[in-house]
Amino acid sequence: MDLRLQQAKINKQLSTISITGSKSETNRLLLLQALYPNLTLENVSNSDDSEVMMEALNLKPTTHNLQPINIHHAGTAMRFLTAYFAIQEGSEVLLTGSSRMKERPIKILVDALKQLGAEIIFTENEGFPPIKITGKKLTQNKVSLAANVSSQYISALLLIAPKLENGLELTLEGAITSMPYIQMTLALLNEIGVTTSFENNTITVNPTPNTQHPTPITIESDWSSASYYYSIIALSEIGTQITLSSYKQNSLQGDAALVKIYKDFGVETVFNSNNSITITKLATYNLQPTTYNLNNSPDIAQTIAVTCFGLGIGCYLTGLHTLKIKETDRLEALKTELTKLGASISVTNDSLTLLMSDSNFVIVKSKAIATYQDHRMALAFAPLALKTDIIIQDAEVVSKSYPTFWNDLKSIGFQISEL
């Protein structure tokens, strides 16, 4: 399904959007709920990735029947479920996914689990899904991992750690990538009663056979999803406002860095007493080229690059090496699609440079933006409809993280039609 977004102004008066729970928090808590069934969750994400997690965790595989589990494009599910099924004694599963998923490496996590005693084999290409996992009791409790790998590998190990007989001592070697996601995992473990420590690059998780939590856990709304509204406000007229719910000022999510970053683009954030935020376009913003290290929040790189382009501001984004192995190579995809619209852009393995030297620059109209089976390409480029007509190809891909996105945009005044 391709969508045409016609250039239009959004409703300047206050609009309100409700965004479901963070996909990152939801998928961590769904796994913990499977390990500790007494947990109850509220504001669960309605994303495809979380649906896939729930379906997989509800299966009851046994060694007598090899159970194939297809997680499609859900990278988080692939990493977390690999660890989960490795400790499900008496189970045997074949974890697989889309053609792109079969190109996304998982050897680092598999090797770490094998150090703990797991039984996992690659059934097609060494180092990549599909993988056959035979669940067993893991008694080893020490493992080392390069610290600059995807934080999802690290979180996958931490999430199963309290159910290991001897807990886990995880040593991270080198500079750590995406620290907020590791801290999120540890905070959620602490919230359900698991004792952890993180000192000198060594994380210790104590064994916790059972846990009690007297009240439901309410999952904070997704800051990555909020980023597209920050972009919309940045590209809108002065005084435009949107209220989003529900968000915490002391968020566990790294993408909450939006609040500070988007000040540079004239967007003010006010935290309201009812856990909503109101974002407003102010009269002034930084017209100078901007530099951001997004090592702790790489998922908002596409949003920021597109915002800068729409505002006519150059930017230099670093800390992006994990974007090479996402649903697509996000750096190359950004380069290709922004170039279509007239941008001068270059990328390396971990950075993006957008040059905006012409003050009279005009965005090329009515171009079709390819999305590469990547939800964040569709989501990040949509706000440009405030500057020019634009076509989003395979627009349904947004369901991976934000299924109601197009309807929500229509509710605030976007003109969207199916081609």
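Couple of notes before you dig in:
- Residue in region 90-99 that is under 21 Å from the mean Cα position of the chain (by Cα) and in contact (Cβ under 8 Å) with a residue 60 or more places away in the chain present: yes
- Comparison of ILE160, ILE133, ILE154 shows that the only residue that is in contact with a strand residue (DSSP E or B) (Cβ under 6 Å, 6 or more places away or on another chain) and buried (at least 16 other Cβ atoms within 10 Å of the Cβ) is ILE133.
- Residues that are crowded, with 21+ Cβ neighbours inside 10 Å, of a type outside the set (S, T, N, Q) and in contact (Cβ under 8 Å) with a residue 60 or more places away in the chain within region 321-353 comprise LYS326, GLU327, listed in sequence order.
- In the set ALA234, ALA257, ALA301, only one residue is touching a residue at least 60 places away in the same chain (Cβ under 8 Å), in the same structural domain as LYS410 (by TED's automatic domain parsing), buried (at least 17 other Cβ atoms within 10 Å of the Cβ) and not acidic (Asp, Glu); that residue is ALA234.
- Condition check for THR371 on (1) in contact (Cβ under 8 Å) with a residue 60 or more places away in the chain; (2) among the β-branched types (Val, Ile, Thr); (3) surrounded by 22 or more Cβ atoms within 10 Å (Cβ to Cβ): one failure, at (1).
- If you go through region 106-130 and keep only what is surrounded by 15 or more Cβ atoms within 10 Å (Cβ to Cβ) and outside any helix (DSSP H, G or I), you end up with ILE106, LEU116, GLY117, ALA118, ILE120, PHE122, PHE128, PRO129, PRO130.
- Wholly enclosed strands (runs of 3 or more DSSP E) of region 146-265 bearing at least 2 residues within 21 Å of the chain's Cα centre (by Cα): 241-245
- For region 84-105, the tally of residues that are surrounded by fewer than 15 Cβ atoms within 10 Å (Cβ to Cβ) and assigned to a strand (DSSP E or B) stands at 0.
- In region 261-292, residue modelled with the highest pLDDT [restricted to those that are of a type in the set (S, T, N, Q) and within 24 Å of LEU355 (Cα to Cα)]: THR291
- Residue count for region 273-308, restricted to those that are of a type outside the set (Gly, Ala, Ser) and over 22 Å from the mean Cα position of the chain (by Cα): 12
- Checklist (1) surrounded by fewer than 19 Cβ atoms within 10 Å (Cβ to Cβ); (2) within 17 Å of SER150 (Cβ to Cβ) applied to THR76, failing item: (1)
- Verdict on GLY174 being surrounded by fewer than 22 Cβ atoms within 10 Å (Cβ to Cβ) and in the same structural domain as GLY319 (by TED's automatic domain parsing): no
- Filter result for ILE192 (β-branched (Val, Ile, Thr) and under 30 Å from ASN65 (Cβ atoms)): no
The values are calculated or read from the model by the stated rules, or taken from the named source; none is laboratory data. In this text, all values refer to a predicted model and were calculated from it rather than measured experimentally. Here Cβ is always computed from backbone atoms with ideal geometry, including for glycine, and neighbour counts include all displayed protein chains.
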